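Chemist: Here it is, the structure in full.
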Amino acid sequence: MPTFSDNPDAWDSYHTLVDECPASITFDFAIGEHAPLKERSSLLAVLIHMNEPGEHGMGDGLDPEALRHVEQQIVQAYESKLDAIFVGRVRSQGVWQLYFYGTGDSDTQERADEMLSGFSGWSQEVLVKSDPEWEMYFELLFPDRERLQWLQDRKVCEALAEQGDPLVVPRRVDHFAYFATSADRQRFIDSIAEHDFEVEELGFDPDDEELAYTIQLHRSESVELDSIHDVVMNLIVNATEHDGLYDGWETSVLVPKSRATKLPN
């Protein structure tokens with residue numbers, strides 16, 4: 001992830017296909033909550049053609065290491081001198097693509113081209129176009145619903161693993177969802193009855209005008225990424241089919257006794 005970001009935790013990355021070709025995408029996740037920004041209606045795309053794209057077109061040899069250094073300098077220059085916001089990178093089909101949103105001043109193209117003149121060694125170009133709705137960000141960089149959930153599940157699993165949790169040990173996992181009516185919530189409960197979830201709590205939030213009927217349910221299971229993601233996606237599908245919203249999962253950290261930290265007496 002971009003180490004030069006003021007908030008590296010706001011960034012994430014994933015692999016996917018773009019135009020049916022392998023692609024690695026790194027993007028500013030947090031800015032999506034505020035986009036589109038009216039004062040940043042112009043898209044700037046810096047396209048650097050890799051000398052060694054490799055078998056999958058995402059960079060091989062010295063290119064990735066060198067271009068990360070170049071990328072950092074370009075981002076710092078564009079953000080400070082063009083008042084542009086760096087929102088993501090795509091590596092695919094032999095092209096290292098950097099995406100920014102700026103103010104769209106009349107001289108943006110010229111100034112952006114000039115700033116690239118010092119980075120020799122690769123064929124490169126800058127494209128500038130109006131994109132007030134941030135279509136490039138949402139259609140190219142931002143992941144689809146399932147991939148986004150996978151990223152969120154991965155973060156939880158990584159946080160558990162960092163604390164020494166082996167993930168494979170079954171433990172209680174709680175899930176949360178919200179519905180527009182009690183009838184919708186009950187239909188959701190009926191739809192997952194065969195999966196042995198236990199309902200912990202049914203609630204009502206009078207302050208939520210759209211999804212006031214809440215549910216907390218749990219089941220014992222491991223939290224390996226692929227396994228828990230399958231569980232979560234099944235709950236998302238069922239909640240969506242009944243006009244509800246799945247709102248995540250939580251669990252306790254399990255650490256083998258041999259690794260447990262001894263507290264002072």
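Chemist: Return the total of residues in region 134-154 being touching a residue at least 60 places away in the same chain (Cβ under 8 Å), under 30 Å from His242 (Cα atoms) and open to solvent by 30 Å² or more (accessible area, probe 1.4 Å).
Modeler: Residues flagged as touching a residue at least 60 places away in the same chain (Cβ under 8 Å), under 30 Å from His242 (Cα atoms) and open to solvent by 30 Å² or more (accessible area, probe 1.4 Å) within region 134-154 amount to 9.
Chemist: I would also like to ask the following. What tally of residues in region 143-168 results from selecting those that are closer than 19 Å to Leu217 by Cα and β-branched (Val, Ile, Thr)?
Modeler: 1
Chemist: Turning to a different aspect of this structure: Looking at (1) in contact (Cβ under 8 Å) with a residue 40 or more places away in the chain; (2) open to solvent by 50 Å² or more (accessible area, probe 1.4 Å), which is the one condition that is false for Thr26?
Modeler: Only one criterion in (1) in contact (Cβ under 8 Å) with a residue 40 or more places away in the chain; (2) open to solvent by 50 Å² or more (accessible area, probe 1.4 Å) is unmet by Thr26, namely (2).
Chemist: Search region 210-224 for residues being in contact (Cβ under 8 Å) with a residue 40 or more places away in the chain and open to solvent by 40 Å² or more (accessible area, probe 1.4 Å), and hand back the single one that is nearest to Ala183 (Cα to Cα). Can you show your working first?
Modeler: Quick first cut of region 210-224, residues in contact (Cβ under 8 Å) with a residue 40 or more places away in the chain only: 216-224.
Among the residues that remain, those that are also open to solvent by 40 Å² or more (accessible area, probe 1.4 Å) are: 219-220, 224.
Working: Arg219: 23, Ser220: 26, Glu224: 33 Å.
Out of the qualifying residues, it is Arg219.
Chemist: On the given criteria, is Phe197 more than 28 Å from Lys38 (Cβ to Cβ), in contact with an Asp or Glu (Cβ under 9 Å, 6 or more places away or on another chain), aromatic (Phe, Trp, Tyr) and at pLDDT 95 or above?
Modeler: No; evaluated as a whole, the condition is false for this residue.
Chemist: Please go through region 65-88 and pick out each residue that is open to solvent by 20 Å² or more (accessible area, probe 1.4 Å) and either in a loop (DSSP other than H, G, I, E, B) or over 16 Å from Ser117 (Cα atoms) (or both).
Modeler: Glu65, Ala66, Arg68, Glu79, Ser80, Asp83, Ile85
Chemist: Can you report the number of residues in region 93-111 which are more than 18 Å from the chain's Cα centre (by Cα) and closer than 25 Å to Ala23 by Cα?
Modeler: Here the count works out to 6.
Chemist: Considering only residues that are open to solvent by 70 Å² or more (accessible area, probe 1.4 Å), assigned to a loop (DSSP other than H, G, I, E, B) and touching a strand residue (DSSP E or B) at 6+ places or on another chain (Cβ under 9 Å), which ones fall in region 103-124?
Modeler: Asp105
Chemist: Residue check, Leu127 against (1) touching a strand residue (DSSP E or B) at 6+ places or on another chain (Cβ under 7 Å); (2) surrounded by 14 or more Cβ atoms within 10 Å (Cβ to Cβ), all met but one. Which one?
Modeler: Leu127 satisfies every listed condition except (2).
Chemist: It is to be established whether one or more residues within region 162-177 are β-branched (Val, Ile, Thr), open to solvent by 40 Å² or more (accessible area, probe 1.4 Å) and more than 26 Å from the chain's Cα centre (by Cα).
Modeler: yes
Chemist: Let me ask you something else. Assuming Ala239 fulfils every condition listed in (1) without any contact (Cβ under 8 Å) to a residue 60 or more places away in the chain; (2) small (Gly, Ala, Ser); (3) touching a helix residue (DSSP H, G or I) at 6+ places or on another chain (Cβ under 9 Å); (4) open to solvent by less than 20 Å² (accessible area, probe 1.4 Å) apart from one, which condition is it?
Modeler: Going through the list (1) without any contact (Cβ under 8 Å) to a residue 60 or more places away in the chain; (2) small (Gly, Ala, Ser); (3) touching a helix residue (DSSP H, G or I) at 6+ places or on another chain (Cβ under 9 Å); (4) open to solvent by less than 20 Å² (accessible area, probe 1.4 Å), Ala239 breaks only (1).
Chemist: Mind listing whichever residues of region 225-251 are over 22 Å from Phe179 (Cβ atoms) and either part of a helix (DSSP H, G or I) or basic (Lys, Arg) (or both)?
Modeler: Once the filter is applied, which keeps residues that are over 22 Å from Phe179 (Cβ atoms) and either part of a helix (DSSP H, G or I) or basic (Lys, Arg) (or both), region 225-251 yields Leu225, Asp226, Ser227, Ile228, His229, Asp230.
Chemist: Checking the structure you have, find out if any residue of region 186-209 is part of a helix (DSSP H, G or I), open to solvent by less than 60 Å² (accessible area, probe 1.4 Å) and among the small types (Gly, Ala, Ser).
Modeler: Yes: one or more hits.
Chemist: Can you confirm whether Ser123 is closer than 21 Å to Cys21 by Cβ, among the small types (Gly, Ala, Ser) and over 17 Å from the mean Cα position of the chain (by Cα)?
Modeler: Yes; evaluated as a whole, the condition is true for this residue.
The values are calculated or read from the model by the stated rules, or taken from the named source; none is laboratory data. The model shown is predicted, which means the values in this text are computed figures rather than measured ones. FYI the Cβ positions are ideal-geometry reconstructions off the backbone, even for glycines, and counts take in every protein chain you see. Accessible surface is based on the protein model in full, side chains and every heavy atom, while ligands, DNA and RNA are left aside. Shrake-Rupley method; radii C 1.70, N 1.55, O 1.52, S 1.80 Å.
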